[in-house]
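The values are calculated or read from the model by the stated rules, or taken from the named source; none is laboratory data. This one's a predicted model, so the numbers in the text were calculated from it and none came from an experiment. Note: ideal-geometry Cβ built from the backbone for every residue, glycine included; neighbour counts use all protein chains shown. Heads up: the accessible areas ignore ligands, DNA and RNA and are worked out on the full protein's heavy atoms, side chains in. Shrake-Rupley method; radii C 1.70, N 1.55, O 1.52, S 1.80 Å.
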Amino acid sequence: MRRTALFLSLLAAGTLGQAQAAPADPAKSSVKFVFTQMNVPVEGQFKKFSADIAFDTAKPDTGKVNIAVDLAATDAGSSDANQAVQMKEWFNTSSYPKATFSANQFKPLGGGKFSATGQFSVKGKTANLTVPFTVKPDAKGSWYEGSFPLSRLAWKIGEGEWSDVGAVADAVQVKFKLYVAK
Amino acid sequence: MTIKYTLPARLLHWLVALGIIAAFALGLTTDSMEGFSMQKLKLINYHKWLGISVLALVAIRLLWRLSHRPPELPAQMQPWEKQVAHYTHMLLYVLMFAVPLGGWLYSSAKGFPVVWLGLVELPNLMDKNEELAGTIKFMHKIGAWTLVLLAVAHAAAALKHHFIQKDDVLKRML
Ligand code: HEM
C-alpha cells in the first residue's frame with residue numbers, strides 16, 4: 001500500500017514537474033493575528049486550518065501552496081468576541097466557513113526570503129495577495145514563517161458600525177508559522 | 001477659624017471621589033451589557049482610562065498626604081472615634097490602589113493591554129491566563145463594592161460631623 005502511494009505521488013510529482021505537496025504539522029504550526037481595537041493590540045488565533053506546501057528553495061517557481069482556514073474556530077481574544085466574529089458583519093461563517101489561499105507564483109527575495117502570490121478568498125471575495133515568508137530547514141523538515149498586514153475592509157471583515165477604523169483598525173497583522181516534516 | 005486641608009489635597013480628594021463614582025457606574029453598566037457591541041467596547045475602554053487616571057491621581061494624592069500633615073481632628077472627638085476615622089482612611093487608600101490595580105491585572109489576564117486614552121500603552125501586569133481572569137474579575141468587583149460602600153460610610157460620617165456635631169470636619173475639605 002505505502003509503496004503504491006509513494007510510487008503514485010512520485011509519478012504525480014514527476015509528471016507535473018512540481019515538488020510534492022506535504023501537509024503542515026498542525027501540532028507545530030500556527031496562524032495567529034493581531035488586530036487593534038481602540039488602539040489596543042489584541043492577539044487572536046485561527047485554531048483549525050490545513051496547509052499543503054510543496055516548495056523547493058532551489059526551484060521556487062515549481063512551488064505550490066494551499067491553505068484553508070476554518071473560520072468557525074477563530075479565537076478572537078475573548079469569548080464574546082469569538083461569538084461576534086461568526087456574525088454576518090464579520091466572517092459570516094454560516095455562509096462562508098472558510099478562508100483559503102492558493103499560491104503558485106513564488107519569487108526569491110534573497111536571504112532565505114521568498115514571496116508567494118496567489119488567490120486569497122474570504123467572505124465570498126477572491127483577490128490576489130502576496131505574502132512574504134522565510135524558509136528555515138531543520139534536521140527533520142522545514143519551517144515556513146511570515147507576517148504581513150491584511151486590510152480587513154478590503155474583504156468586508158467588520159461591516160456596518162464595525163467598519164469604523166477608529167474602533168477597529170483596518171490593518172490586521174497575520175503571523176503564520178508552518179512546519180512541514182520531510 | 002477653620003484650618004483647611006491644602007488646596008491640592010482638596011482638589012485631589014474631590015477629583016478622586018468623582019472618578020471613583022464614575023468608574024464604578026461605568027463598570028456596572030458594561031458588566032450588565034450582553035454580548036459584544038461597539039458601545040460596550042467603547043465603555044469598557046473609557047472605564048479603563050478613567051480607572052487608570054484615578055490610580056495616577058491616588059498616587060499623587062498619597063505622596064502629597066505623606067508630605068503634608070492634615071489639620072488636627074476636633075478635640076471633642078473620642079479617641080476611639082479618631083481611631084475609626086484613621087483606619088477608615090487607611091483602608092480607603094489601600095482600596096483606591098487595589099481596585100484599579102486589580103482592574104489592570106484583570107485586563108492583562110484577559111489578554112487585553114491597557115492603552116491609556118488610546119495613547120499610552122501600559123505594560124501587562126501578567127501573562128494572559130483565562131482561568132485566573134475569572135477570579136481576578138470577582139476580586140475587582142468585590143473590591144469596587146467595598147470601596148464604594150466604605151466611601152458612602154465615610155461621606156455619612158462627614159455629614160454627621162457637619163449637621164449633628166456641627167464641627168468643621170467637612171468644611172476643611174471644601
Ligand atoms: C476607581 C477605580 C475602579 C473602579 C471603582 C472600578 C469598578 C468596577 C466595577 C464595579 C466593575 C463591574 C464588576 C462586575 O460587576 O463584575 C468593573 C469591571 C471592570 N473593570 Fe473596573 N474599576 C476601576 C478601575 C479599573 C481599571 C484601572 C481597569 C483596567 C485598566 C478596570 C478594568 C475593568 C474591566 C476590564 C472590567 C470588566 C468590564 C466588563 O467586562 O464588562 N477597572 N470595574
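Solvent-accessible surface (1.4 Å probe) assigned to B:LEU125 amounts to roughly 80 Å². Centroid-to-centroid, using Cα positions, the range B:1-69 and the range A:85-135 are 45 Å apart.
Computed over chain A, the alpha-carbon pair-distance distribution with 5 angstrom bins reads 1, 8, 15, 21, 18, 14, 10, 7, 4, 2, 1, 0, each value a whole percent. A convex hull fitted to the Cα coordinates of the protein assembly as shown yields 187 cubic angstrom per residue.
Solvent-accessible area lost on pairing A with B (1.4 Å probe, both sides summed) amounts to about 1600 Å². Here chain B is treated with +1 on each Lys and Arg Cβ and -1 on each Asp and Glu Cβ, and its dipole about the Cα centre works out to around 480 debye.
Between B:HIS140, B:VAL169, A:VAL40, the Cα set farthest toward the positive side of the dipole of the protein assembly as shown (charges on each charged residue's Cβ, about the Cα centre) is that of A:VAL40. Short to long, the 5 Å bins of the Cα pair-distance histogram for the range B:13-115 hold 2, 10, 18, 20, 16, 11, 8, 6, 4, 3, 1, 0 percent of all pairs. For the pair A:ALA181 and A:ALA58, a Förster radius of 25 Å applied to the C-beta separation gives a FRET efficiency near 0.85, rounded to the nearest 0.05. Computed from backbone phi with θ = phi - 60° and the Karplus coefficients 6.51, -1.76 and 1.60, the 3J(HN,Hα) list for the range A:149-156 is x, 10, 7, 5, 5, 4, 10, 6 Hz; x is used for glycine and proline.
A helix-only calculation puts chain B at -24000 deg cm²/dmol for mean residue ellipticity at 222 nm, using -39500 (n - 2.57) for each DSSP H run of at least four residues, averaged over all residues. For the range A:130-182, a crude dipole built from +1 on the beta carbon of Lys and Arg and -1 on the beta carbon of Asp and Glu, taken about the Cα centre, is about 480 debye to the nearest 20. Applying 1/(1 + (r/R0)^6) with r as the Cβ-Cβ distance of B:ALA156 and B:MET33 and R0 = 30 angstrom yields a FRET efficiency of 0.45.
The distance between label points at B:ALA56 and A:ASP164 comes to 2.3 nm (points 7 Å beyond Cα on the Cα→Cβ vector). Per-residue 3J(HN,Hα) values for the range B:148-157, derived from phi via the Karplus relation 6.51 cos²θ - 1.76 cosθ + 1.60 with θ = phi - 60°, read 5, 5, 5, 5, 5, 4, 4, 5, 4, 5 Hz in sequence order (x marks Gly and Pro).
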